[in-house]
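Heads up, the thing below is written out as structure tokens.
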Amino acid sequence: MPYFNTLLRILTTRCMTQAVYFCGGTIPYAEFKHYGLAAPIYTHFTSPIRRYADVMVHRFLAAAVYHEEIYPALLDKKLIQSVCQNLNHRHRMGQYAGRASVKLHTILLFRGKEVEEEAYIMFVKKNAIQAMVPRIGLEGTVFVEDKKGRSPFVFNEEEFTLTAGDVKLRSFDRVRIRIAVDSSNQQHQKLDIKLVEPKVPGWNVDSQVPAKKLKTDSA
């Protein structure tokens, strides 16, 4: 199926523990490994203009090969560990800021519009599916129950599927969705994503564009 490798790579990397900076000697050597790179030991060695962690590594290496004299602060494990914790915090804050920026510009992109797109299910939850729209790189939640908790779908916790009559939703299935912006709360605008296809009587929103009936790839 198209985009299978992309979806699988996204899901795989999300399972990985996020790498963090730390000072050697503050945790057991067995925990030095880098999970994402499958490396037993790893440190940065890139351009020092990219991040302060690289500056620190360059200073340590310069001292190790006697290119520069080491200074007391580099020998203070508590101080270095404190700097590492601040680097980790700043990195997380940068990620949060990036996600917030993407969310803001996504709202601006779809505001005042109703757009239909082809999407692929990344994973299935009890009350929703998480879908990816490859054409624009958008990931969103499509809820399958109303505000009162009512839903035509039945969740299978062993197979992680949602079933409504003859329709079964599972990971990597192709669907069609409608994307709009919910502006009922001006301070917390959010995407409103509805299922267009496959058809579930009494549940879907009607398609507004001519389109062939979509079949799930697993059918």
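Worth pointing out:
- Criterion violated by Q95 - all others in (1) loosely packed, with under 13 Cβ neighbours inside 10 Å; (2) within 23 Å of the chain's Cα centre (by Cα); (3) touching a residue at least 12 places away in the same chain (Cβ under 8 Å) satisfied: (3)
- Of the residues making up the range 44-64, at least one is surrounded by fewer than 14 Cβ atoms within 10 Å (Cβ to Cβ), modelled with pLDDT under 85, part of a loop (DSSP other than H, G, I, E, B) and aromatic (F, W, Y).
- Conditions (1) outside any strand (DSSP E or B); (2) on the phi < 0 side of the Ramachandran plot; (3) touching a residue at least 12 places away in the same chain (Cβ under 8 Å); number of the one not met by E118: (1)
- Filter result (open to solvent by less than 70 Å² (accessible area, probe 1.4 Å), among the hydrophobic types (A, V, I, L, M, F, W, C) and not in a strand (DSSP E or B)) within the range 137-165: V144, F153
- Qualifying residue in the range 111-131 (condition: of a type in the set (A, V, I, L, M) and touching a Pro at 6+ places or on another chain (Cβ under 9 Å)): yes
- Flag if G25 is open to solvent by 80 Å² or more (accessible area, probe 1.4 Å), on the phi > 0 side of the Ramachandran plot and either among the small types (G, A, S) or in a helix (DSSP H, G or I) (or both): no
- Single residue of the range 107-161 satisfying the filter (of a type in the set (S, T, Y) and in contact with an Asp or Glu (Cβ under 8 Å, 6 or more places away or on another chain)) that is farthest from Y3 (Cα to Cα): S151
- E116 satisfies every condition listed in (1) open to solvent by less than 50 Å² (accessible area, probe 1.4 Å); (2) at pLDDT 90 or above; (3) closer than 21 Å to R14 by Cβ; (4) not hydrophobic (A, V, I, L, M, F, W, C) except (3).
The values are calculated or read from the model by the stated rules, or taken from the named source; none is laboratory data. Predicted model, so just to flag it, every value in this text is computed and none were measured. All Cβ positions, even for glycine, are placed from backbone atoms using ideal geometry, and neighbour counts span all protein chains on display. Each accessible area value is taken on the protein alone, full model and side chains, heavy atoms only, with ligands, DNA and RNA left out. Shrake-Rupley method; radii C 1.70, N 1.55, O 1.52, S 1.80 Å.
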